[in-house]
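Colleague: The structure follows.
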Amino acid sequence: MSKAKISKLMLWPSRKINLGNYNTADLNAGIEMVFDKPVAFDSKEVVEALEEARKVIRDEFIKQYEPYKKLLEKKDAKGGEK
C-alpha cells in the first residue's frame with residue numbers, strides 16, 4: 001500500500017457574515033505551503049504546517065471582520081436587531 005505524498009498544500013476557506021436587511025459580507029483568506037521534498041500526507045511536517053496555516057487564516061479573518069464588527073456594533077447601539 002503506497003502512501004500519498006504531497007509537495008504543495010493550498011487552503012482557501014471563506015466565510016459569509018449576515019449584516020441584516022439581506023446584506024452579507026464575504027471574508028476570504030488563503031495560504032499555500034510548499035514542501036522542499038514531497039512528504040507523506042499524515043507526516044509531522046504536514047500536521048505542523050496545517051496548524052500554522054490555521055493560525056494565519058484565523059488572524060486574517062479577524063482582520064477582515066473588524067470593519068463589519070464596528071458597523072454591527074453601531075447598528076446595535078442605535079437599537080437595531082442583534
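Each value in this text was obtained by applying a stated rule to the coordinates, not by laboratory testing. Model, not experiment: these values are computed from the prediction. Reconstructed Cβ throughout: ideal geometry from the backbone, glycine too, with neighbour counts over all protein chains shown.
The rows are residues; the columns are (1) charged (D, E, K, R); (2) assigned to a loop (DSSP other than H, G, I, E, B).
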position: Lys3; (1), (2): yes, yes
position: Ile6; (1), (2): no, no
position: Met10; (1), (2): no, no
position: Arg15; (1), (2): yes, no
position: Asn18; (1), (2): no, no
position: Ala25; (1), (2): no, no
position: Met33; (1), (2): no, no
position: Asp36; (1), (2): yes, no
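Colleague: For segment 71-82, check the following and say yes or no: at least one residue is surrounded by fewer than 10 Cβ atoms within 10 Å (Cβ to Cβ), of a type in the set (Gly, Ala, Ser), out of contact with any strand residue (DSSP E or B) (no Cβ under 7 Å at 6 or more places or on another chain) and not in a loop (DSSP other than H, G, I, E, B).
Modeller: Yes: segment 71-82 contains one or more residues that are surrounded by fewer than 10 Cβ atoms within 10 Å (Cβ to Cβ), of a type in the set (Gly, Ala, Ser), out of contact with any strand residue (DSSP E or B) (no Cβ under 7 Å at 6 or more places or on another chain) and not in a loop (DSSP other than H, G, I, E, B).
Colleague: While we're on this one: Given (1) within 30 Å of Lys74 (Cα to Cα); (2) in contact (Cβ under 8 Å) with a residue 12 or more places away in the chain, where does Met10 come up short, assuming only one miss?
Modeller: (1)
Colleague: For segment 41-60, indicate whether the set of residues that are assigned to a strand (DSSP E or B), surrounded by fewer than 10 Cβ atoms within 10 Å (Cβ to Cβ) and not hydroxyl-bearing (Ser, Thr, Tyr) is non-empty.
Modeller: No: zero hits.
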